[in-house]
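S.K.: The structure's right below; bear with me while I get my questions together.
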Amino acid sequence: MHELSLAENILQQIEDTAATQTFHRVKTVWLEIGQLACVEQESLRFFFAVVTEDSIARQAKLEIIGIAGQAMCQECNRTFPIAAYYEACPHCGSDALQITNGDEMRIRELEVE
Amino acid sequence: MCTTCGCGIGQTRINGKTVQLRRHAGTALRYRPTQSDHAHTHEQAPSSVTDLPVPGTIDFGAGIAGTHAPGMSQTRMVKIERDILAKNNQYADENRRYLAERGIFALNLVSSPGSGKTTLLVKTIDMLRDRFPVAVIEGDQQTDHDAARIRATGVPALQINTGKGCHLDAHMIGQALQQLSLRNNSLLFIENVGNLVCPSGFDLGEAHKVVILSVTEGEDKPLKYPDMFHAADLMLLNKCDLLPYLSFDVGQAIAYAQRVHPGLPVLQISATQGGGMPEWIDWIIAGCRRAAAISQTAQPHDS
C-alpha cells in the first residue's frame with residue numbers, strides 16, 4: 001500500500017494528540033500491523049523517518065507489533081491462523097473464510113515526554 | 001519521491017488547481033526546535049531512561065508497550081488505539097453521509113492501468129445517461145485526458161491529478177463533491193488511479209469498489225494483488241471479446257478471485273463490443289434504486 005500516506009496519517013494523529021495532551025516530544029510509537037494488512041514494514045519505517053523529520057516525533061522509535069492473521073471457516077466454523085487471503089481451510093478445504101484477525105493497522109500508544 | 005510506488009506529496013490538483021494539504025490547513029504546529037537553532041550549547045542531561053539505562057531503574061528498553069510505569073520518569077504513555085487511516089475514514093464517512101442524503105449511488109472503479117476503465121465508463125455512460133444524471137471524478141497522476149474523454153459524452157467530469165500520489169483519498173473526494181454539485185438520485189463514478197495495490201485500503205465513501213480485470217492480463221492477478229480483490233464487491237472481467245486470441249483461463253481467474261474473496265460476483269464483459277454490458281447496467285440500476293429508496297426513507301421531505 002501507500003506507506004508514505006500511512007506515515008503522514010500517523011504523524012497527523014500524533015500532532016492531533018499533542019494538541020490535546022500536552023507533550024513536546026514523542027520517543028516511541030507503537031503500531032499494530034496485521035499480517036494481512038497491505039503494509040510493507042520496511043517501507044513504512046523509511047517514510048516514518050522522512051515525514052517526522054522536523055516534527056515532535058523526530059527520531060522517535062517505531063515499534064511494530066505484528067498481529068497474526070486468523071480466519072473462521074464458514075463451512076466448518078473452525079478458527080485457524082492464515083498468512084494470506086487466498087489460503088483455504090486446513091480442516092475442510094473450503095475457500096469460504098471470514099477474516100477474524102490480522103487485517104488491522106492501528107496506532108496503539110505513544111511514549112512521550 | 002516514493003521508491004516503492006512512485007507516490008509523493010504536494011502535487012495534488014483538482015481540474016488543474018493546486019489542493020491545500022490537510023496538514024497545513026489548521027493552526028501552526030509546535031515543532032521541537034532543531035539543534036542548529038541554538039547559538040549556545042546545553043549541558044547534556046540524560047534525556048530519558050531509554051538513552052541511559054541505569055541499574056536499578058525501570059528498563060524501558062524491552063520495547064513492549066504496557067511494561068511502563070507512568071509517573072516513574074518524565075516520560076509517559078498516551079493511549080491512541082485508533083486506526084492509522086482514522087482520518088481518511090472520517091472523511092469517507094462524511095462523503096458517504098453526503099451521498100446517502102442525496103440518494104447518489106457512487107462506485108469506485110479500481111484496476112491496473114490499461115484494463116479499459118475509461119472506455120468502460122464512456123460506454124456505460126452512453127447506456128445510462130437517459131435514465132440517471134451521471135457525473136464522474138477522474139483520478140490520474142497527470143493530465144486531464146480521461147476527464148476530456150468523459151466530458152465528450154456530455155456528462156460533467158472533474159479531474160483530480162494526484163501528482164506523484166498513487167491513489168485517491170477521501171479528502172480529495174470530499175473537495176471534489178463540493179465542486180461538482182451533484183443532482184439528487186444521480187450516479188457518480190470515481191475512476192481511481194490505475195493501480196492494483198494502493199487504492200484498496202482507502203475508503204472514499206463509495207457504495208462499492210468495483211475491480212476491473214482484463215483478459216489481456218494474467219489470470220493469477222487476484223492472487224498476486226489480493227487486497228484489491230478482497231476489498232471489491234464486484235469484479236468485471238473486461239475485453240472478453242479478445243478471448244479467442246488469448247490463452248487466458250476464465251474459470252481459473254474467477255476461481256482465484258473467489259478464493260481471495262469468497263462469493264465475489266463476477267461479470268464477463270466487453271466494453272468495446274457490448275458483451276455482458278446489459279448485466280452490468282442492470283447491476284448499476286439496482287444500486288441506484290436502492291440508494292434513492294434509502295434517501296427517501298431517511299428524508300421524506302427531501303425530494
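S.K.: Going through segment A:20-30 one residue at a time, which ones are modelled with pLDDT under 95 and more than 8 Å from chain B (Cβ to nearest Cβ)?
M.R.: A:T20, A:T22
S.K.: Need the failing condition index for B:S181 against (1) of a type in the set (G, A, S); (2) out of contact with any Phe, Trp or Tyr (no Cβ under 9 Å at 6 or more places or on another chain); (3) away from chain A (no Cβ under 14 Å); (4) within 28 Å of A:L44 (Cβ to Cβ), just the number.
M.R.: Single failed check for B:S181: (4).
S.K.: Applying the selection to segment B:102-121, what residues are in contact with a helix residue (DSSP H, G or I) (Cβ under 6 Å, 6 or more places away or on another chain), more than 14 Å from chain A (Cβ to nearest Cβ) and outside any loop (DSSP other than H, G, I, E, B)?
M.R.: Within segment B:102-121, B:F105, B:A106, B:L109, B:S111, B:T118 meet the criteria.
Here's the yes/no breakdown for (1) buried (at least 17 other Cβ atoms within 10 Å of the Cβ); (2) modelled with pLDDT of 95 or more; (3) part of a loop (DSSP other than H, G, I, E, B):
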{"site": "B:Y256", "(1), (2), (3)": "yes, yes, no"}
{"site": "B:S270", "(1), (2), (3)": "yes, yes, yes"}
{"site": "B:P278", "(1), (2), (3)": "no, yes, no"}
{"site": "B:A286", "(1), (2), (3)": "no, yes, no"}
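S.K.: Here is a follow-up. How many residues does segment B:244-271 contain that are within 26 Å of the chain's Cα centre (by Cα) and not small (G, A, S)?
M.R.: Here the count works out to 13.
S.K.: Which is hydrophobic (A, V, I, L, M, F, W, C) and within 8 Å of another protein chain (Cβ to nearest Cβ), of A:I67, A:I33, A:I82, A:I10? Break it down stepwise before answering.
M.R.: On the way: A:I67 fails: within 8 Å of another protein chain (Cβ to nearest Cβ); A:I33 fails: within 8 Å of another protein chain (Cβ to nearest Cβ); A:I82 fails: within 8 Å of another protein chain (Cβ to nearest Cβ).
After ruling out the rest, the residue left standing is A:I10.
S.K.: Using the structure shown, decide if A:L44 is crowded, with 20+ Cβ neighbours inside 10 Å, more than 8 Å from chain B (Cβ to nearest Cβ) and under 30 Å from B:Y256 (Cα atoms).
M.R.: So A:L44 passes the test.
S.K.: A further question follows. Scan segment A:17-31 and give yes if some residue there is in contact with a Leu (Cβ under 9 Å, 6 or more places away or on another chain), assigned to a helix (DSSP H, G or I), within 25 Å of B:A232 (Cα to Cα) and small (G, A, S), otherwise no.
M.R.: no
S.K.: Would you say A:A49 is surrounded by fewer than 16 Cβ atoms within 10 Å (Cβ to Cβ), among the hydrophobic types (A, V, I, L, M, F, W, C) and more than 9 Å from chain B (Cβ to nearest Cβ)?
M.R.: On the way: surrounded by fewer than 16 Cβ atoms within 10 Å (Cβ to Cβ): yes; among the hydrophobic types (A, V, I, L, M, F, W, C): yes; more than 9 Å from chain B (Cβ to nearest Cβ): yes.
Criteria met by A:A49.
S.K.: Looking at segment A:35-60 only, could you name the residues that are under 15 Å from A:L6 (Cβ atoms) and among the charged types (D, E, K, R)?
M.R.: A:E40, A:E42, A:R45
The values are calculated or read from the model by the stated rules, or taken from the named source; none is laboratory data. Worth saying up front: this structure is predicted, and the values here are computed from it rather than measured. Neighbour counts run over all protein chains shown; Cβ positions are idealised from the backbone, glycine included.
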